[in-house]
1. Exactly one condition in (1) surrounded by 12 or more Cβ atoms within 10 Å (Cβ to Cβ); (2) part of a loop (DSSP other than H, G, I, E, B); (3) not charged (D, E, K, R) is not met by residue 61; state its number.
2. Just for region 91-126: of the residues that are of a type in the set (Ser, Thr, Tyr) and at pLDDT below 95, which one is surrounded by the fewest Cβ atoms within 10 Å (Cβ to Cβ)?
3. Here's a check for you: in region 40-58, which residue that is of a type in the set (Gly, Ala, Ser) and loosely packed, with under 11 Cβ neighbours inside 10 Å is nearest to the chain's Cα centre (by Cα)?
4. Among the residues of region 1-45, which ones are small (Gly, Ala, Ser), under 30 Å from residue 83 (Cα atoms), free of Cβ contacts under 8 Å to residues at least 12 places away in the same chain and not in a loop (DSSP other than H, G, I, E, B)?
5. Just to be sure before I move on: is residue 87 part of a helix (DSSP H, G or I) and either basic (Lys, Arg) or in contact with a Lys or Arg (Cβ under 7 Å, 6 or more places away or on another chain) (or both) in the structure I sent?
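The values are calculated or read from the model by the stated rules, or taken from the named source; none is laboratory data. Bear in mind that the values here come from a model prediction, so they are computed numbers and not experimental data. Using ideal geometry, Cβ is built from the backbone for each residue, glycine included, and neighbour counts are taken over all protein chains shown.
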Amino acid sequence: MFRVRSILGDAVESNPYRLAAGLAGRSDSGRVLGLLRKGQVAEALEAYTAPLLSRSGVLAVQLLRDQLDLAVGAAVRASGDAQLLVRWLSTDMGAADFEGVDALRRLVGRGDPRYLSLLVSSSRQT
């Protein structure tokens, strides 16, 4: 706790250790969700660069990670933007989004090389 308090200063109170009252925190996942709420799907996808705490096996973190993936994936699919879909499907978080691959097919057609390359890579994951 000494190291934490030396970095955060008055943000951490003692006896018992806790965050100071009125402290407002920010997180990367909160930023992504905020951008989605504003309808800024491209910006949210740009901000969502890696799975949320990817090494954590804590159930609560896994659930948050899944919810974040679902929210970003749904927003990207709903955008109707083929480029955003390709970007999403090319990430670790969107690589298994079969609905996204289908949405891309509907947007660009079965013969489009972007669809074909993602269809091949998504079929390897099953």
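1. All conditions pass for residue 61, except number (2).
2. Step one: list which residues in region 91-126 are of a type in the set (Ser, Thr, Tyr), which gives 91, 115, 117, 121-123, 126.
Next cut, at pLDDT below 95 only: 115, 117, 121-123, 126.
Numbers: 115: 22, 117: 13, 121: 13, 122: 18, 123: 10, 126: 6.
In this case the residue turns out to be 126.
3. Filtering region 40-58 for residues of a type in the set (Gly, Ala, Ser) gives 42, 44, 47, 50, 54, 56-57.
Among the residues that remain, those that are also loosely packed, with under 11 Cβ neighbours inside 10 Å are: 50, 54, 57.
Details: 50: 7, 54: 11, 57: 17 Å.
Per the criteria, the residue is 50.
4. Start the filter on region 1-45 by keeping residues that are small (Gly, Ala, Ser), which leaves 6, 9, 11, 14, 20-22, 24-25, 27, 29-30, 34, 39, 42, 44.
From what is left, the residues that are under 30 Å from residue 83 (Cα atoms) are 27, 29-30, 34, 39, 42, 44.
Narrowing further to those that are free of Cβ contacts under 8 Å to residues at least 12 places away in the same chain: 27, 30, 34, 39.
Answer for region 1-45, where residues must be small (Gly, Ala, Ser), under 30 Å from residue 83 (Cα atoms), free of Cβ contacts under 8 Å to residues at least 12 places away in the same chain and not in a loop (DSSP other than H, G, I, E, B): 30, 34.
5. Details: part of a helix (DSSP H, G or I): yes; either basic (Lys, Arg) or in contact with a Lys or Arg (Cβ under 7 Å, 6 or more places away or on another chain) (or both): yes.
Yes, satisfied.
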